[in-house]
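Asks: Pasting in a structure now, in structure tokens, and then I'll have a few things to ask.
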Amino acid sequence: MLLAVVLPFTACQEPEELIPAIANKGINNLTVYPTWEGYHTADASGFTSKIDYDKRTITIQVPYTLPVESDNVQKLENYTKVWALFNLDDNATLEPKLTTIDLTQTYKVTLTDQKKQKSEWTIKAALAKSSACDIESFAIPSLGLSAVIDKAGATASLIYFEELQNVFGEVVVSPHATIVPDPATTAFWCAPGTPKKFTVIAQDGVTSREWVLQQTEPARVNEGIRPGSGKLMWTAKLSSLGVSTLNMTTGIATTDDYLVINTRGEDPLVVDAKKGTTIGTISLGSIKGATSSYYMTSDHKGHLVINNRVPDDGGVFRVWRMRDINSTPELFIEFPTTDVYGDHISVWGDVYGDATVQAAYCGWTSTGTTSNLTWQVKGGQTVDMNPYWCQISGVGGWTNGDAIRLGTELTSDFLACGYSMNKLTWVDGTNNTALTYIHGVLSGNEGMKAVDAVPFNGINYVAATMESFFTWGVAGDMWVFEAKYPQTFSGELIQDTATGLMGYPDCTVFNLNNDDGNDNSGCYGFYGGRANDGVNSNAIQDVKLHVTSDGYFMYAYFMFCNGYVGCVQFDCIAQ
């Protein structure tokens, strides 16, 4: 009876319509990768292609120079065996099936698309000059101005509202591109209501783009950094910059224009902050010495701060300050003590205005200590030469560390770290109790010993480094974290021993070894001990955050004395 009821209904139903597969273009892309000894590299080194669907021709674009910024002109004969990776529509096929090809040859293939229609295609390679025609940076050195670059809008914005007359610019464009007129050789005029236009012509001599130099204030993201803006600008081994005594190099300081590298007993080295090239040295005068000019840092305004180390340099801890790299050091803190201080100090604020200067105990002890000293500066004057002393509770013992207050009051919360607990700890400044922490869990024999923090576009950010003290160590990393709330400032930095990659907390915004744009799989710590540039016998590392005076960029600088120094850029520009 049931069948008798159901069958009449099913017999009346319309048959389901079968929709044929939708054909696109058959071949969507072809990328080739260099090979060696039967292995290929499927990474950013791949060469893309141009497809002419009317002529059914695929032209593989081999960069004219490689790396693109170099003068190394390529030859197709250099690529007689490359791995070919086709992107085809579903159910489309090619005959013959090409796995490896010779870029000096031309290939004929037959494409069978989703509709089973066949077509003949030609595949060949050609040297292709770059079509990039961007402005990477634009500065007017005579006025100390640097433009904010918006590549999407092709604008370079100067936060300067007076007329510019007969000025010269320093510009960096895409590799092998040219700019017309060249602001480095042709003086130009610009006003807030009258922007200046430039044309950037790509290496290929055909592609060009008009850029506008304007005097305006770009829009910002609501708060903090623009997500994804962190990028590694440059790295250099200390030895390549001219540092000869690596294990005596202790600290870094930064301004808008310069990175200063301090080496004990020597004139500090001045490096172009945006390019990583050596400019010269600065004179510290009578305070220069292996224990007297032991460490250097800078405040939020780019003023230099130098200190000695006690008791190596006697029984008085001293701190000097300099307005800029051409100034003479002036003493502004003196404190008699028999304890061990001076490996690091950190500054929040402006030492010629309001600031806190903090020094963590840096002796090597069996049980460790979390004691630290804080001096308060008001109106450019040290309030009391006798510092506020405190000891952190609730996190265990450590030694040889660093600490920085998140404000200019003696009881402002602060962040601290040290060997060998390796916990970057958020401390309640009113009762000196640990609230939360980020724990560096690696493979042993490393120390988290440097920390710095700045406010940027309404949010505090903190950077920390962890380094091995040996050439065979796996550390040598820097992290930048958002320090908005103590409740969200927690987690573990865990190394995957199989891949070398890191797991890290949600508050992390940048991890040097994972986010540097390079394939560092299996070589975690590349910038530190594994650089094999010498043994880190003083266990020294440093990190510095700097916000440019226009408030649009934040830079994170790192230094490992047996490896590299480098620069990471962030911005808050709404795009």
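The values are calculated or read from the model by the stated rules, or taken from the named source; none is laboratory data. Since the structure is predicted, the reported quantities are computational estimates derived from the model, not experimental observations. Please note: Cβ atoms are built from the backbone with ideal geometry, for glycine as well, and neighbour counts cover all protein chains shown. For accessibility, only protein heavy atoms count, side chains too; no ligands or nucleic acids. Shrake-Rupley method; radii C 1.70, N 1.55, O 1.52, S 1.80 Å.
Asks: Show the residues, 5+ positions off or on another chain, whose built amide H is closer than 5 Å to the amide H of ARG264.
Replies: THR249, THR250
Asks: When the chain is fully extended, how far beyond the present Cα-Cα distance does PHE161 get from ASN87, taking 0.36 nm per residue of separation?
Replies: Length gained, PHE161 through ASN87: 21.5 nm.
Asks: I would also like to ask the following. Kindly provide the pair-distance distribution of region 112-214 built from C-alpha pairs, with 10 Å bins from 0 and whole-percent values in order of increasing distance.
Replies: 14, 40, 20, 9, 8, 7, 2
Asks: Using alpha carbon centroids, what distance separates region 355-397 and region 293-330, in Å?
Replies: 16
Asks: Let me ask something additional. Can you compute the helix-only [θ] at 222 nm over the chain? Use -39500 (n - 2.57) per DSSP H run of at least 4 residues, normalise by all residues, nearest 500 deg cm²/dmol.
Replies: Theoretical 222 nm ellipticity from helices: -1000 deg cm²/dmol.
Asks: State which entries of LYS237/LYS274; LYS197/LYS275; LYS55/LYS108; LYS50/LYS231 exceed 18 angstrom in Cα-Cα distance in the structure shown.
Replies: Pairs exceeding 18 Å: LYS197/LYS275; LYS50/LYS231.
Asks: Hey, another quick one. Taking 0.36 nm per residue of separation and subtracting the Cα-Cα distance, what length does fully extending THR488 through ALA152 add?
Replies: 117.6 nm
Asks: While we're here: For the chain, what does the accessible surface come to per residue with a 1.4 Å probe? Please give it in Å².
Replies: Ligands and nucleic acids excluded, the figure is 44 Å² per residue.
Asks: Which angle from 0 to 90°, rounded to the nearest 10, does the C-alpha axis of helix 2-12 make with the longest principal axis of the chain?
Replies: The angle comes out near 80 degrees.
Asks: In µm²/s, what is D for the chain at 10 °C and 1.306 mPa s, where D = kT/(6 pi eta Rh) by Stokes-Einstein and Rh is the Kirkwood radius from Cα pairs?
Replies: Rounded, D is 59 µm²/s.
Asks: Using a 1.4 Å probe and counting only protein heavy atoms, arrange VAL172, VAL221 so the residue with the most accessible area comes first.
Replies: From most exposed to least exposed: VAL172, VAL221.
Asks: Which residue, chosen from ILE306, VAL340, TYR419, occupies the Cα position most advanced towards the positive end of the dipole of region 288-422, where the dipole is computed from +1 (Lys, Arg) and -1 (Asp, Glu) charges on Cβ about the Cα centre?
Replies: The listed residue farthest towards the positive side: ILE306.
Asks: Can you figure out the FRET efficiency of ILE279 with GLN117, using R₀ = 60 Å and their beta-carbon distance, to the nearest 0.05?
Replies: The calculated FRET efficiency here is 0.40.
Asks: Counting only protein chains, not ligands or nucleic acids, how are MET233, MET448 ordered by accessible area (probe 1.4 Å), most first?
Replies: Correct descending sequence by accessible area is MET233, MET448.
Asks: Which ³J(HN,Hα) values, rounded to whole Hz and listed in residue order, are derived for region 124-135 from phi using the Karplus coefficients 6.51, -1.76 and 1.60 in 6.51 cos²θ - 1.76 cosθ + 1.60 with θ = phi - 60°, glycine and proline given as x?
Replies: 8, 10, 8, 5, 10, 6, 5, 9, 5, 9, 9, 9
Asks: Heavy atoms only, probe 1.4 angstrom, no DNA, RNA or ligands counted: give me TYR485, TYR258 ranked by accessible area, highest first.
Replies: TYR485, TYR258
Asks: Where the accessible area of the chain is counted over protein heavy atoms with a 1.4 Å probe, how much of it, in %, is carbon and sulfur?
Replies: Looking at the chain in its full context, I get 50 percent from C and S.
Asks: I've got another one for you. Tell me, what is the FRET efficiency for LYS197 and SER549 to the nearest 0.05, using R0 = 22 angstrom and their Cβ-Cβ distance as r?
Replies: 0.25
Asks: In sequence order, what are the phi-derived ³J(HN,Hα) couplings for region 320-329 according to the Karplus relation 6.51 cos²θ - 1.76 cosθ + 1.60 with θ = phi - 60°, rounded to whole Hz, with x for glycine and proline?
Replies: Going residue by residue, I get 10, 9, 9, 5, 7, 6, 9, 7, 9, x Hz, with x marking Gly and Pro.
Asks: Report, by chain and number, residues whose modeled amide H sits under 5 Å from the one on ALA273, excluding near sequence neighbours (fewer than 5 apart, same chain).
Replies: Hits under the 5 Å cutoff: TYR258, LEU259.
Asks: If you don't mind, there's one more thing I want to ask. Whose amide H sits under 5 Å from the amide H of THR337, counting only residues 5 or more places off or on another chain, with H placed in the peptide plane?
Replies: The answer is VAL316, PHE317.
Asks: Mind listing the phi-derived Karplus ³J(HN,Hα) values for region 192-204, rounded to whole Hz, using 6.51, -1.76 and 1.60 with θ = phi - 60°, and x for any glycine or proline?
Replies: Taking θ as phi minus 60°, the curve returns x, x, 9, x, 9, 9, 10, 10, 9, 9, 5, 4, 6 Hz for region 192-204.
Asks: Need one word for region 174-251: rounded, prolate or oblate. Basis is the Cα gyration tensor (sqrt eigenvalues a ≥ b ≥ c); a/c below 1.5 gives rounded, then a/b vs b/c decides.
Replies: prolate
Asks: What number results when the radius of gyration of region 168-213, computed over Cα atoms, is divided by 2.2 N^0.38 Å?
Replies: In units of the 2.2 N^0.38 Å rule of thumb, it is 1.17.
Asks: Turning to a different aspect of this structure: When the Cα centres of region 217-243 and region 76-125 are compared, how far apart do they sit, in Å?
Replies: 41
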